[in-house]
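The values are calculated or read from the model by the stated rules, or taken from the named source; none is laboratory data. It should be emphasised that the depicted structure is a prediction, and the values quoted were computed from it without experimental measurement. Ideal geometry is used to build each Cβ from the backbone, glycine not excepted, and the neighbour counts take in all protein chains shown. Calculation scope for accessible area: heavy atoms of the full protein, side chains included, ligands and nucleic acids excluded. Shrake-Rupley method; radii C 1.70, N 1.55, O 1.52, S 1.80 Å.
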Amino acid sequence: MSATRNLNSPSESDIVLVNAAKPVTPLCFVVDEEPKIRHFLSLILQGAGVDAIEYPDCMSFRVERLGRPGDMIFLNVGQDTHDVLKTLAALGQARFAGAVQLMSNQGLVLLENIKKAGVQNKLRMLPVLKKPFEAAAIKKILQEEKLGDRAAVAARIGLNDALKNDWIETWYQPKINLRKKQLAGAEAFARVRHPDHGVLPPSAFMPGADEATLQRLAEQILMRVLKAGLGFSKLGINLRVAVNINIEALLALPVTKIVKSFRPLATGWAGLIIDVTEEQIVANIEHASELAKEFQDYNIKLAIDDFGRGVSSLMKVKNIPFAEMKLDRVFVTDCSADKVNASICKTVIDMAHSFGGLAVGIGVEKASDVTALVGMGCDLGQGYLLGQPMAEERFAALLKQRVASHAPKSPVSAGAEPKQKPR
């Protein structure tokens with residue numbers, strides 16, 4: 001419902017909310033003075049299929065005419081509590097129907113008083129979120145509010161329909177050098193943007209897809225990633241991107257021909273990584289070895305995904321020229337506290353290095369786990385804590401910011417990697 005005193009010229013104390021004409025992707029507002037917090041929340045939200053709009057302060061949020069009502073607002077309570085109270089009053093006046101999530105490192109008594117003020121303004125106030133918080137806390141809030149992936153999974157569509165209607169998008173998750181805390185690459189993922197259900201995760205469109213359809217998806221994602229690389233290289237960043245493709249599709253598709261046709265022509269192209277699961281590698285050692293050797297001349301390297309569950313059988317892969325071993329998230333989670341997980345992670349990391357590859361921890365969600373992985377010698381990391389998958393436009397915008405922050409230095413190579421040990 002639209003509610004304001006003056007639709008044509010809103011004042012700084014007004015909030016203009018406009019109804020959307022049809023079902024849309026969930027939307028959250030993030031209001032916080034700290035850019036890192038805003039960015040962190042936005043990545044989690046967008047990774048869960050929720051749009052996010054960031055504001056550096058309460059007044060910026062109040063004066064903007066909003067095109068959609070929004071489903072939730074993450075509102076920081078800093079030193080200026082009067083400005084927060086003013087924002088809650090404006091939200092109440094605008095009849096904001098979404099949830100209000102206060103977040104702060106202030107005292108609980110103060111925060112409870114502000115929460116009561118929100119209730120008095122007839123707002124739906126959630127329990128206060130104390131800073132610092134981790135990604136798991138935000139995911140829990142989204143689940144409880146039925147926003148993002150959990151709500152979208154109820155919508156089931158066929159992958160064939162998604163491809164036919166051009167609903168497929170390629171999203172990118174940053175891959176971080178854990179020791180240097182720098183961007184070291186990215187991994188590409190398929191998402192569907194449905195006209196009615198919004199952004200859908202793979203669990204909503206991948207089950208039941210036949211091999212031919214999976215090959216069509218792999219081919220499309222591969223071409224899109226290579227084309228996106230052209231755009232990244234124009235920004236001055238040669239980024240090594242990883243793509244998940246199964247062995248069957250790799251054997252059926254003209255991968256090297258596609259790469260020759262679409263790869264960036266920039267000098268020093270970082271190349272492409274193709275992730276194949278440990279299970280498929282072990283079951284297809286000969287094919288995997290042949291593909292790896294064929295790909296080498298085209299700067300394409302294999303990576304072993306979900307690594308760690310069959311370590312004993314993986315001695316077979318020591319002669320395959322792979323780039324990375326990606327630790328199974330089951331073992332990465334709580335590796336800082338769980339001795340068994342820590343032992344497995346250390347074993348996998350050492351094995352990756354002994355084979356001349358890099359170790360990648362996936363599913364990283366806790367700072368303590370990052371510290372533990374760094375101590376074990378893990379090279380790279382992916383996960384909510386380090387950056388969630390995001391739409392290509394959002395990822396490109398972040399790369400532009402990165403280039404701007406490095407100016408006037410020479411072009412940056414985000415595909416650079418820690419020095420590997422010789423085989």
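In the assembled protein chains, GLU112 presents an accessible area of approximately 80 Å² (probe radius 1.4 Å). With both labels modelled 7 Å from their Cα along Cα-to-Cβ, the LYS122 to ASP210 distance reads 5.6 nm. In this simple spin-label approximation, GLU290 and GLU393 carry label points 7 Å from Cα along the Cα→Cβ vector, and these lie 4.4 nm apart. Per residue, the convex hull spanned by the Cα atoms of region 160-291 amounts to 148 cubic angstrom. When restricted to Cα atoms, region 82-166 yields an Rg and a Dmax of 17.6, 55 Å, respectively. Across region 162-212, what fraction of all alpha-carbon pairs, as a whole percent, falls in each successive 10 Å bin from zero upward? Percent of pairs per bin, in order: 21, 40, 22, 15, 1. Taken over the C-alpha atoms, region 26-85 has Rg and Dmax values of 11.2, 33 angstrom. For region 202-257, just say rounded, prolate or oblate: build the C-alpha gyration tensor, square-root its eigenvalues into a ≥ b ≥ c, call rounded for a/c under 1.5, and beyond that prolate if a/b exceeds b/c, oblate if not. It is prolate, given that a/c is not under 1.5 and a/b is the larger ratio. Per-residue surface analysis assigns ILE285 an accessible area of about 40 Å², computed on protein heavy atoms at 1.4 Å probe radius.
Computed over the Cα atoms of region 35-184, what is the convex hull's projected area averaged over all directions, in nm²? Write out the running numbers ahead of the final one.
Details: hull surface 45.8 nm².
Convex hull of Cα atoms, orientation-averaged projection: 11.5 nm².
Placing one equal scatterer on every Cα of region 251-403 and applying the Debye formula, the log10 ratio I(q)/I(0) at q = 0.16, 0.22 Å⁻¹ is -0.97, -1.32. When ILE37, ILE168 are compared by accessible area at a 1.4 angstrom probe, the order from most to least is ILE37, ILE168. Above 14 Å, the calculated P(r) of region 83-127 contains 41 percent of its Cα-Cα pairs.
Heavy-atom accessible area for CYS378, with the other protein chains in place and a 1.4 Å probe, reaches approximately 10 Å². Computed from the Cβ-Cβ distance with R0 of 35 Å, the FRET efficiency linking GLN182 to LEU251 stands at 0.50. Note on LEU230 and LYS130: the model spin-label points, each 7 Å out from Cα along the C-beta direction, lie 5.3 nm apart. Computed over region 102-213, the percent of Cα pairs more than 22 Å apart is 57.
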